[in-house]
Each structure stands twice: as C-alpha cells, then as structure tokens.
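Here's the structure we're looking at; comments come further down.
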Amino acid sequence: MSKGMILATTLEELRAARGLLGAPLGLVPTMGYLHAGHISLVERARAECASVAVSIFVNPTQFGPKEDLASYPRNLPGDLKLLEDAGVNLVWMPTAEIMYPPDFQTWVNVEGLTSPLEGAMRPGHFRGVTTVVAKLFNAIQPQKAYFGQKDAQQAAVIRRMTHDLNFPIEIVVCPIKREADGLAMSSRNAYLNPAERQAATVLFCALNAAQAAYAAGERNADSLRQAMSDTINAEPLARLQYISCADNDSLEELKTVTGKTLLSMAVYLGKTRLIDNFILGE
Ligand code: PAF
C-alpha cells in the first residue's frame, strides 16, 4: 500500500485521518467492486479537489428482502489497488455495526422524487441510500461529492436531500461509463453469463432507438417509449421491468417531450436487473 493512502475503519480512525486532508475534499461514495465508472469519479474528484476520499460500504438498508445483498460482489484487495493507483488519499471502510448499531432508529427520507421509477420498483431503497449518504456526509464532511449519472434518480434524490438538509456540499454528477459495445458499467454486470452479457447491450440499443427517433423529430413520449420497449422485447433473453420518458427534474412521466428529458429503464437479463438511461435535449 502506498504510504499516501490512509485506510480507516472506525469513526475515530476516520476523524484522525480526515484532519490531515487538504481542502477541498472530494468524496466518492461506493459499495466496492470498483470498475472504470467508479475510477472516472475518482479522477474527476482528483482534478477538482486537493484531496479525495472514497468510502466502501455495501449498505444493507438499500437492499430489499428479495434483493442481492448476500451475493453482492466484493473484492476489497482489488478495490484498494485501483484506488491506490488512482491517487486516493483516504478510504473509509466502516462495518455494518459502525453504520447501524443495534439501537439505530433515525432515517433520512426524500418524498416525491423517490415515488416513481426505481422508487416504485424497490420500496425502501432510496430511504436506505439517503440515510447512508447523509451519514457519510456527516462523518467525512467533504466539500464535494461525486455520483454517476447511471443511477440518475439516485443523483436527483441526493441533490434534493443535500439542498433540503443544507449540507454545504456540492454534488457532482459524472457521465455514464460504457463498455466498448455500449453496456453501461455496473458491478452487477459480473452476474451475467456470456449469453446474457451479449444480450445486455439491448438496453443501450433501446436508448439509441429512442434517441434516433427524437433526432428525427419525434416528440410524442409514448412513441419514444414504444421505440425502447420494441427493442427490448425483440431480445429473447431480456425482460422489461419498466420504461420511462420523464421530465429530467421532476421525474414525472411526459406526454410530449419539450425540455430536458430522462429516458430510463430497468431490464432483467435472467436474474440480473440492469438499469440505464439517457438525457434528451441537453
Ligand atoms: O451508488 C452506490 O453505489 C450507492 O447507492 C451509494 C451511493 C454508495 C450509497 O450506498
């Protein structure tokens, strides 16, 4: 391990290390099993901040009872090597007992924005995300925090929470990183078997189909949703969970596309649930 990268587990270790870091401090919150998408967040933070902290914590409260908490991929030695190579100053790896002691009973909940899309499909998910991110913000006290556009609703919800709770933190949302064939990078891609991995490009193809229709002048939201669902339904290994064409700020479903519009979807490949999105009108 380079002597430049401090590893902390307890809150006491974190606070001691935090005091050594120059401002502004950029935080990249993660659940580990890092890929080039995470590293692009670290690189952006490095470019904009005097020091960079990364948290690694597979947050149990954002997983539903039937979701993949137990099987969520982990590779701590690999993660630490990537972070060291990327020039990170501090890695905080709290335990579940530190984050959620037995008498834990305080939650952070964003209302309206968490109702549709991922919030509708994954009840309680965003309550877990906002609670843990608020705890990370309080413990680490960064000036900036970096999130990926791949989780578009998560980014919007965290922005809302940061504003509503007056955290003095700038939220920076970074572009989706894709594999060469267009698949959005995700730790969950590790679950795909070779056939599913090949079929998984269908999400990107569906977004491209809607984008092409938009570029050709289509503004009817149902037609754009149809272009996406036709593409997904043509792939036998894919099962569409939801498709959305929504206002990028309110996340409300649209009839007609006028301003910035979020196209998004969740699709199952076998047992693996993947999400992807694209913003029209940027
Ligand atoms: O995007 C993620 O990896 C997680 O939702 C986050 C923001 C680290 C909170 O656990």
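Quick note: the coordinates plus some simple rules give every number you see, no bench work behind them. This one's a predicted model, so the numbers in the text were calculated from it and none came from an experiment. As a convention, Cβ positions derive from the backbone with ideal geometry for all residues, glycine included, and neighbour counts pool all protein chains shown.
Could you grab me the full set of residues in the range 167-194 that are assigned to a helix (DSSP H, G or I) and under 16 Å from ALA266 (Cα atoms)? Break it down into steps so the answer makes sense when it comes.
Filtering the range 167-194 down to residues assigned to a helix (DSSP H, G or I) leaves 187-191, 194.
Listed by number, the residues that qualify are SER187, ARG188, ASN189, TYR191.
Taking the range 48-80 as the search range and keeping residues that are in a helix (DSSP H, G or I) and in contact with a strand residue (DSSP E or B) (Cβ under 9 Å, 6 or more places away or on another chain), which one is surrounded by the fewest Cβ atoms within 10 Å (Cβ to Cβ)? The residue in question is LEU76.
Please indicate, with yes or no, whether at least one residue in the range 103-118 is part of a helix (DSSP H, G or I) and of a type in the set (Phe, Trp, Tyr).
no
In the range 136-163, the residues that are farther than 29 Å from THR10 by Cβ reach residues that are of a type in the set (Val, Ile, Thr) and more than 12 Å from the ligand (Cβ to nearest atom) with C-beta atoms within less than 6 angstrom, at least six apart or across chains, in these pairs: GLN149/ILE176; LYS150/ILE176; ARG160/VAL110. Pairs are defined by a Cβ separation below 8 Å, a sequence spacing of at least 6 or placement on different chains, a first member in the range 57-83 that is within 26 Å of ARG127 (Cα to Cα), and a second member that is more than 13 Å from the ligand (Cβ to nearest atom) and among the hydroxyl-bearing types (Ser, Thr, Tyr); the pairs so defined are ASP68/TYR191; SER71/TYR191; PRO73/TYR191. Among the residues of the range 85-96, at least one is surrounded by fewer than 19 Cβ atoms within 10 Å (Cβ to Cβ), more than 14 Å from the ligand (Cβ to nearest atom) and part of a helix (DSSP H, G or I).
Scanning the range 230-257 for residues that are of a type in the set (Lys, Arg) and closer than 19 Å to GLU218 by Cα yields a single hit, LYS255.
Restricting the range 153-170 to residues that are hydrophobic (A, V, I, L, M, F, W, C) and within 11 Å of the ligand (Cβ to nearest atom) leaves a set whose member that is surrounded by the fewest Cβ atoms within 10 Å (Cβ to Cβ) is ALA155.
Within the range 39-56, the residues that satisfy the criterion of being without any contact (Cβ under 8 Å) to a residue 40 or more places away in the chain and within 13 Å of the ligand (Cβ to nearest atom) are VAL54, ILE56.
Note on the range 30-44: residues that are in a helix (DSSP H, G or I) and under 16 Å from the mean Cα position of the chain (by Cα) total 8. Scanning the range 129-145 for residues that are more than 10 Å from the ligand (Cβ to nearest atom) and touching a strand residue (DSSP E or B) at 6+ places or on another chain (Cβ under 8 Å) yields PHE137, ALA139, ILE140, GLN141, PRO142, GLN143, LYS144.
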